[in-house]
Amino acid sequence: MSKRYSGIGAGVLPILIVVSSLLISASIQLHQAVHAAIGPAPSWALPYPTNTRISIGSFGLHGDNFQAITDDTPGATSYTLMKQTDSDALDLVLEPEVSSGTASTPTLPLAAGKVLAVQKACHVVLVDHGDDWWSVYVHLANIAVHAGQVVRANTVLGYANTLNPGCGEQTDVEHTHISIINGSGHTGTYVSFLAQSLCGHQVLENKPGDPKSVYLDGLVKGVQQPFPVPQCQPKSATCAWTIASSPNVGSQSVLHKIAAVTANDIWAVGSGFDDTTGHTTALTEHWNGSTWSVIPSPNSSTNNNALFSVVVTAKNNVFAVGSSNDQTGNTRTLIEHWNGSTWNILPSPNRDTNNTLVGVTAISQNNIWAVGSYFSGGLGHTQTLIEHWNGITWSIITSPNVNNTDATLSDIHAVSANDIWAVGYTGPNVAFTEHSALIEHWNGHKWSIIAHPASQLNGSLVALSATSASNVWAVGQYLPSGSNSTSQTLMEHWNGTQWSVVPAAEVAGYNDSLTDISTISVNDIWAVGASQSKTYQSSQTLIEHWNGTKWNIVTSPNPDPANNFLLAVAHVPSSTSLWTVGNTGKGSSTRTLAAYYC
């Protein structure tokens, strides 16, 4: 039966947004400049569930596509898309033909990534897969995603439909129009499907130069021939945490924090050891997509130096924070900056004595926050310390404390410029059994202490992460009452109105703690830490995953038979991949530990 449909492949699609020829010319030049080195293409899937019967539309490969896509968010910038070939679009039609517009078959992304734009009036979704690879999906009804959302290979984008009102001609059968793009910033160029592979089957032409003779090698011999979508298992379904070799400096090394620019540009910071002087040294390591390597970083003094946190805004704008001991033994803040070629120390302020910064977050390259603590000689207590970077200098911002107690901040996370959270702990002294968790919030004008249920527990919060203003998570540990109690993981969630304690998974009979958390989406959150024996003589890594309903323990690597700690976890942007770092071994045999997921 011939395919009786028209659509983007059957006629010329009108430009959705008028773009001047001057702007297009400038965009082309910019696009060519930034695309000198495009990463390898993802492993593309087919955009339907396994066993869905489909066929290649009668137009085969064609070249009519959107020239611009603008997200529905008011004021959103348009993505300019430029044509490169006549074989950069493919229609995949549902079989048997459905012309009623039932929109019951889900359309899935060709690979995991992050949604760049959703234009519901035109039933179109644009997805970024990282390394300058994008994909477009057209004719979607009931679109289920939004700009900024991270999607896995089995996330439903929307449903194959027949209509494309106002943006092209009506179609007669349900299908999804797909395209692949090399894009960066807000500019992209369509890529030919020829020589690409879908679910491991290469896209080829039976007759060279005839795009209507397209077929999928080893799967279907030509257009209009029904076939079932083969098993093309999402990467997430077969993932496991895997150790990656990481270097060390001296006899003792540890990685405290990790942050990713892309899958091939990841930074981890911590401390090494100078066996000659007997002092710790600042340690920065970089992942280039295949290997971790030590990148030289300066030390502020000849005494102890360490970096505890890192944040990235671009490949040439990375900040790391920590502390350094001066010649008198007084601890001072340490802030370093990566400019794309070298690490340099930036001047940073201090208060009284024993200053240290352990957490950092960024809203933009000129709006960065760091938290930690200092010791107030006048009060006789450790107090919270918050510093801010305005693009020129670091300055101390007033932060609240609980009267007549110690207080420290362990981590900070910015949802927006006017919505920033910091967590830590407070108590009459440093004894863990007398700590209580502390949460502070910045509303754009001042920092305030926020009430929360975990403040009534003997414990602390050490890390936090968020996907939105109504989905913020904080993790740590607490000690239940009772002389034989072991410490347990502590998990709190902010729903936009209030904080609540969420039960986490536990290793029975062990001292469990969580040290970091990374939020990919509302149903995909990861936390890492350690599970220590009751006498704290041994430790094994601990990784937990939130599936939208509950926390579950996930198998995690332990290279040392007795001592393994995970201190940080980070999500790789525009993907569902993660990295975790920490240390393994103890004493003079302490070594860095790094592992990845997918």
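The values are calculated or read from the model by the stated rules, or taken from the named source; none is laboratory data. All values derive from a computational prediction rather than experimental measurement. FYI the Cβ positions are ideal-geometry reconstructions off the backbone, even for glycines, and counts take in every protein chain you see. Side chains included, ligands, DNA and RNA excluded: accessible areas come from the protein's heavy atoms. Shrake-Rupley method; radii C 1.70, N 1.55, O 1.52, S 1.80 Å.
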Please report the net charge: other residues with Cβ closer than 15 Å to the Cβ of ASN367, K and R +1, D and E -1. -2
In the neighbourhood of ALA117 defined by beta carbon distances under 15 Å, the net charge of the other residues (Lys, Arg +1; Asp, Glu -1) is -1
Computed about the Cα centre, the charge dipole of the range 199-352 from +1 Lys/Arg and -1 Asp/Glu charges at the Cβ has a magnitude in debye, to the nearest 20, of 500
Between rounded, prolate and oblate, where does the range 272-331 land on the alpha carbon gyration tensor, with a ≥ b ≥ c its root eigenvalues, rounded for a/c under 1.5, else prolate if a/b exceeds b/c? oblate
Give me the dipole magnitude in Debye, nearest 20, for the chain about the Cα centre, with unit charges on the beta carbon: positive for Lys and Arg, negative for Asp and Glu. 260
All other residues with a Cβ under 11 Å from the Cβ of GLN488 taken together, and with Lys, Arg as +1 and Asp, Glu as -1, what is their net charge? -2
Which angle from 0 to 90°, rounded to the nearest 10, does the C-alpha axis of helix 21-34 make with the longest principal axis of the chain? 60
For a quick protection proxy, order the peptides 328-337, 381-390 by their average other-Cβ count within 10 Å, most packed first. 381-390, 328-337
Options ILE439, GLY377, ASN264, ranked by Cα towards positive dipole end of the chain, top entry (Cβ charges): ASN264
Aspartates and glutamates near LYS534 by alpha-carbon distance under 14 Å, same-chain residues fewer than 8 away left out - which ones? GLU506, ASP512
Please report, as a whole percent, how much of the solvent-accessible surface of the chain comes from carbon and sulfur atoms (probe radius 1.4 Å). 51
Taking the alpha-carbon centre of each part, the distance from the range 269-287 to the range 370-439 in Å is 26
Solvent-accessible area per residue for the chain at a 1.4 Å probe radius, Å²? 40
222 nm mean residue ellipticity, helices alone, for the chain (DSSP H n ≥ 4; -39,500 (n - 2.57); rounded to 500): -1000 deg cm²/dmol
Give LYS120/LYS212; LYS83/LYS221; LYS257/LYS446; LYS212/LYS315 a once-over and call out the pairs whose C-alpha atoms are over 31 Å from each other. LYS212/LYS315
Would you work out which of THR393, LEU283, ALA112 lies farthest towards the positive end of the dipole of the chain, given +1 charges on the beta-carbon of Lys and Arg and -1 on that of Asp and Glu, about the Cα centre? ALA112
